[in-house]
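Worksheet: the structure to be examined is printed underneath.
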Amino acid sequence: MSQPFIELSDVIVRYGANQSGTLALDQTNLRIDEGDFIALVGPSGCGKSTILKLVSGLLQASSGGVFLAGREVRANKVGIGLAFQNPTMMPWLTIRENVMMPLKIVEPFRSEYRRKKKGEFADRADAMLAKVGLAGFGDKRPWELSGGMLQRASLCRALIHEPRLLLLDEPFGALDSFTREELWEILQTLWIETRPTVLLVTHDLREAAYLANRICVMTARPGRILEDREVPFARPRTVEMSYDPEFAALVQAMRRRIAEARVDGGAALTVSNAA
Ligand SMILES: Nc1ncnc2c1ncn2[C@@H]1O[C@H](COP(=O)(O)OP(=O)(O)O)[C@@H](O)[C@H]1O
Ligand SMILES: [Mg+2]
């Protein structure tokens with residue numbers, strides 16, 4: 001078997017110093033190939049954000065291994081892009097400057113930042129903004145944009161340094177459904193063009209089925225991966241497709257899985273199947 005790009009191997013995460021702390025993940029195993037698009041879904045508090053924090057190196061597992069491109073995450077230099085539900089833009093910077101932020105921080109761009117920030121890098125930010133329908137908004141400040149526009153800009157910021165890995169934690173959760181669907185299309189296009197590996201946490205099952213190649217359903221806390229399912233629909237996917245019977249059936253099946261997982265971590269399912 002080829003080496004996965006991301007691997008969680010028997011990972012346990014306990015928040016707090018001792019045994020009385022919160023057990024967030026219990027014996028979680030997950031393997032993701034490079035260039036794949038994975039959605040992580042599951043009941044609130046099951047450990048989805050915890051998995052993203054592990055992969056980004058913001059958090060260390062209590063036990064087990066977290067590997068990125070074959071190396072322990074801590075020792076890794078793989079470029080990562082991040083976007084969260086609230087697009088945390090720096091209010092004193094323009095949208096262009098916010099989008100360029102990773103270039104200011106991450107090598108190899110960092111050492112060229114002073115020289116290129118007014119030229120090549122600014123052009124690159126403007127080109128990204130144009131791709132997501134924000135041409136001409138580079139000079140605006142964050143407070144001048146709507147929530148949907150800010151989230152588009154935040155996708156640009158997450159991708160400007162061409163990361164090999166994109167971690168998205170409920171990025172569209174705060175948006176109205178029309179804006180959310182527009183952003184699905186934009187994110188799908190960006191993914192098809194540059195093929196980073198994407199790990200998307202979402203509560204929205206239609207979103208998961210629209211965007212992902214694989215959907216991992218987690219149990220209630222302490223989380224484990226309960227089900228790992230391929231999404232077979234051709235790309236580019238469209239909002240219309242999300243109303244097709246096969247699409248609806250996949251979403252329904254996952255909805256049922258999660259309802260069962262909410263009860264008691266999936267144990268009820270095993271029992272009722274056996275009965
Ligand atoms: N820093 C922390 N300290 C203590 N408990 C935490 C911390 N972060 C998360 N938790 C707990 O761990 C569990 C998993 O959290 P999280 O990964 O954020 O869940 P999700 O993203 O699936 O909603 C939750 O019960 C949460 O309350
Ligand atoms: Mg979360």
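Any chance you could count how many residues in the stretch 127-141 are surrounded by 19 or more Cβ atoms within 10 Å (Cβ to Cβ) and farther than 16 Å from F172 by Cα? Before the answer, list the steps.
First, pick out the residues of the stretch 127-141 that are surrounded by 19 or more Cβ atoms within 10 Å (Cβ to Cβ): 128-129, 132, 134, 137-138.
Remaining after also requiring farther than 16 Å from F172 by Cα: 128-129, 134, 137-138.
Residues meeting the conditions: 5.
Find the residue count for the stretch 68-89, including only residues that are touching a residue at least 24 places away in the same chain (Cβ under 8 Å), away from ligand 1 (no atom under 12 Å from the Cβ) and outside any loop (DSSP other than H, G, I, E, B).
Of the residues in the stretch 68-89, 5 are touching a residue at least 24 places away in the same chain (Cβ under 8 Å), away from ligand 1 (no atom under 12 Å from the Cβ) and outside any loop (DSSP other than H, G, I, E, B).
Residues are listed down the side, and each one gets a yes or a no for (1) buried (at least 19 other Cβ atoms within 10 Å of the Cβ); (2) away from ligand 1 (no atom under 16 Å from the Cβ); (3) more than 24 Å from C216 (Cα to Cα); (4) of a type in the set (D, E, K, R):
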{"residue": "G147", "(1), (2), (3), (4)": "no, yes, yes, no"}
{"residue": "L150", "(1), (2), (3), (4)": "yes, yes, yes, no"}
{"residue": "A158", "(1), (2), (3), (4)": "yes, yes, no, no"}
{"residue": "H161", "(1), (2), (3), (4)": "yes, yes, yes, no"}
{"residue": "L166", "(1), (2), (3), (4)": "yes, yes, no, no"}
{"residue": "L183", "(1), (2), (3), (4)": "yes, yes, no, no"}
{"residue": "L187", "(1), (2), (3), (4)": "yes, yes, no, no"}
{"residue": "T194", "(1), (2), (3), (4)": "no, yes, no, no"}
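For the structure I just gave you, tell me whether M100 is assigned to a loop (DSSP other than H, G, I, E, B) and surrounded by 15 or more Cβ atoms within 10 Å (Cβ to Cβ).
Numbers: assigned to a loop (DSSP other than H, G, I, E, B): no; surrounded by 15 or more Cβ atoms within 10 Å (Cβ to Cβ): yes.
It is false that M100 is assigned to a loop (DSSP other than H, G, I, E, B) and surrounded by 15 or more Cβ atoms within 10 Å (Cβ to Cβ).
Output the residues belonging to the stretch 168-181 that are out of contact with any strand residue (DSSP E or B) (no Cβ under 8 Å at 6 or more places or on another chain) and either more than 27 Å from S44 (Cα to Cα) or buried (at least 24 other Cβ atoms within 10 Å of the Cβ) (or both). Break it down into steps so the answer makes sense when it comes.
Here is the first cut: in the stretch 168-181, the ones out of contact with any strand residue (DSSP E or B) (no Cβ under 8 Å at 6 or more places or on another chain) are 172-181.
Correct list: F172 only.
I'm trying to understand the selection: among the residues of the stretch 236-251, which are touching a Ser or Thr at 6+ places or on another chain (Cβ under 9 Å) and in a helix (DSSP H, G or I)?
If we filter the stretch 236-251 for residues that are touching a Ser or Thr at 6+ places or on another chain (Cβ under 9 Å), which is where we start, we get 236, 248, 251.
Matches in the stretch 236-251: A248, V251.
Kindly provide the set of residues from the stretch 186-228 that are more than 24 Å from P245 (Cα to Cα), of a type in the set (D, E, K, R) and part of a loop (DSSP other than H, G, I, E, B), ordered by number.
Within the stretch 186-228, R195, R221, R224 meet the criteria.
Residue by residue, here is whether (1) surrounded by fewer than 18 Cβ atoms within 10 Å (Cβ to Cβ); (2) within 16 Å of ligand 1 (Cβ to nearest atom) holds:
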position: S2; (1), (2): yes, no
position: I12; (1), (2): yes, yes
position: T28; (1), (2): no, yes
position: G47; (1), (2): no, yes
position: V66; (1), (2): no, yes
position: P91; (1), (2): yes, no
position: F109; (1), (2): no, no
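Rule-based calculations on the coordinates, nothing more; no lab input. Note that the coordinates shown come from a computational prediction; the quantities given were computed from them, not determined experimentally. Note that we place each Cβ from the backbone using ideal geometry, even for glycine, and neighbour counts take in every protein chain shown.
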